[in-house]
Amino acid sequence: MSIPPPHGPPQEPQGPQGQSPAPQGRFPYPPPRFTYGGGPGPAPYGLYGPYGPRPPAVVNGVAVAALVFGVLCLVPAVGLVLGLVALRQIKRRGERGRGMAIAGTALSSLGLALWTAALASGVLSDVWEGVKDGTRGNSVLALAEGECFDSPGGLEGWTADADRVSCAREHDGEVFAVVRLPGDRYPGDDGLTDTADERCYDLQDAYVMDGWALPATVNVYHLVPSRESWRFGDREITCVFGNQDPQKTLTGSLRRDETTLDAHQLAYLEAEAVLDAALEETPESEYPEDDLPEHTQWAAKIADALAEEARMLRAHEWPAAAEQAVGDLAADLEEAEGAWAKAAEADDADTYIEHTDAGWDVTDPYASVTARHALGLASTPPEYDEEVERDTGDGGMKV
């Protein structure tokens, strides 16, 4: 065991005949000796003072962080701020790390300039396209419309992996649209979610033109860019069909568009879509007594849509097996058009309700079952969690 030197000022050793030895360097006496590295020896320069050994100055942690962010150059603004903070702390506290703080500040400033130039020139977008090309395989970035995939953990939370599988077998999701977003500013998580909800729900009918063929257990999901991938140019929202229970799967493709339907099925669904679009524009006021003009205007739109659908059905040349059924449906639509036209001209709520009830009876979706069956389309009306109700005018509700 070694014994450290005594506290207090070191005693100046005496030379021969009581004379002090000649000075060595900057010190008037030899440097103190104490145990270092397991044996006696001179103390390292700067580790002692007039009263014996002292600990070295602490390295400033913010300076280290500034250097790390400066080297990585991922978020240069953070490295720049940390470098400036570190320089101020080092000056005030007498800590070490000034060189690291200066280096971190310089590298972050350079990185910030490069990021700005890259954004202005579109280089990052090109880089991101290269990243996407390099991730063809099991990445969500590689998914395209019409593809089915499995993802670890199902369709909940964040994921970067997606294994393409045949839509004929069980799968977690089916991509029905890919939306490219404009602009450079990150819209935030909530903004991305709102946009994805709106765009994906608007696009689902183009992929599944026959709404009757979409099971009630199917829900719409979406994959959106993260804040980090956005910086590299990721601007795509991927719209996905999946089971309402994100841990369950789907089997078979849901696609019902021009790639999977024949000409007769397409003609029928395009005619039907005219009426569906008008029916979705329901009045904001719940009852005709609240705003009769709004309801009569809507009734006029329904009448026009019914007339247009009937015209489109009669204009197409149907196969023999479906001709009679489609002709009967067109006649029903023309009868309903007359009832809705009268509702559009009603002067009071009671008259309006009388004619719309007659129109609803003829516009019943079940009237199209025979025609759909003849054309090979889904012939079972879709089921919804909430039943659609309408006022009958007598205090009751009719589905």
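We did not get these values from a lab; they are worked out from the coordinates using the rules stated. Note that this is a predicted model, so its numbers are computed, not measured. Cβ coordinates were reconstructed from backbone atoms using ideal geometry, including for glycine residues, and neighbour counts include every protein chain displayed.
For the stretch 279-388, give the magnitude of the charge dipole about the Cα centre (Cβ charges: +1 Lys/Arg, -1 Asp/Glu; no others), in debye to the nearest 20.
880 debye
Can you find, among T251, L279, Q297, the residue farthest towards the positive end of the dipole of the stretch 172-300? Put +1 on the C-beta of Lys and Arg, -1 on that of Asp and Glu.
Comparing the listed Cα positions along the dipole, T251 ranks first.
Please find the FRET efficiency linking A300 to D202, where r is the Cβ-Cβ separation and R0 is fixed at 30 Å, and quote it to the nearest 0.05. Don't skip to the end; give the middle numbers.
Numbers: r = 25 Å, r/R0 = 0.83.
FRET efficiency, A300 to D202: 0.75.
State the extension gain, in nm to one decimal, for the chain segment bounded by E156 and S379, taking 0.36 nm per residue of separation less the distance between their alpha-carbons.
Here the answer is 77.0 nm.
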